[in-house]
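See structure below.
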Amino acid sequence: MDEKTYIFEGKTTNEAIEKGLKELRTTKYKVDIKVLENEDKKTFFSILAPKVVKVEMKFKEGIAKKEVNKEPMDVTQIIKDLQNFMNVFLENLPTKGLKYEIKSEGNLIKIDIKDEQAAYLIGYRGETLNSLQNILSNIASNDKQEKVRVLLNISNYREKREQDLKTLANKIAESVVKSKKSITLEPMTAYDRKIIHSVLQEHEKVKTHSIGKDPYRKVVVSLK
C-alpha cells in the first residue's frame, strides 16, 4: 500500500485537483483529497498576495501509484464501446446500410466510413465530422488513465482536406512574399492548423503562428 501523500497547488481548488490527477495519472475515485488552504478564506494580507490553493492527495487503501501508472489499457473493450455507439448511430440515420471500419494503432483508434452516401456527415469544413469525432474520443477515453485519440474519416475527407490545405498554404505564402504583408486565415481546427504549420515550417521566406482561442483560433502567415 502506498502511504505517501502528494501536495499540489493551483489558483483554485479544481485547478489544484486537476493538476494532481494529471501528474499522478489517476482519477478522483482512486485518491483521498484534502484541501489544505481554502480558496474562499481571505485575510487582509492574503488579498495582497497571489491566491494559491493547496490540496493533499493520497492513494486509497489497496491502490498503489505504480499499479495505477502501469494499468494496461483494454483496447478490446474500447473498440467494443465505440462499435456499440457506431452501430446505434448509423441505424438511426436516414441513409441505411452504411458500413465502417475500425482499427487501433496504440493509443490511436481509426474509424473510417468509406461510403460516399455518408458525405453529408462531414458538414461545412468538416464541422459535423469533427463534432462526431469528439464524441467518439470522449467515449474511448472515459475513465481511462491514458488519453485515447480517435481519428474519424468519412469518404476520404481527411486526405482531400489535407491536399486542399497544402495548396492553400503555398498560395498564401506566395501572396505574403509578393505583398510583403501578413495574412490571417479563417478560423480552423487544430488538425487543419497543424497542416498549415507543417507545410510552411521549412519555408525560406515566411513563418506561421496562431492567434485567438478555439473555436476561433487562426493561423497567421507573415514574412520572416
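Scanning segment 82-120 for residues that are farther than 16 Å from ILE154 by Cα, over 20 Å from the mean Cα position of the chain (by Cα) and outside any helix (DSSP H, G or I) yields a count of 2. Applying the set (1) among the polar types (S, T, N, Q); (2) in the same structural domain as ASN138 (by TED's automatic domain parsing); (3) modelled with pLDDT under 80 to SER46 leaves exactly one unmet item: (2).
If you go through segment 121-149 and keep only what is over 18 Å from VAL88 (Cα atoms) and either of a type outside the set (D, E, K, R) or outside the structural domain of PHE89 (by TED's automatic domain parsing) (or both), you end up with ILE122, GLY123, TYR124, GLY126, ASN130, SER141, ASN142, GLN145, VAL148.
The values are calculated or read from the model by the stated rules, or taken from the named source; none is laboratory data. Treat the numbers as computed from the prediction; the structure is a model and nothing was measured.
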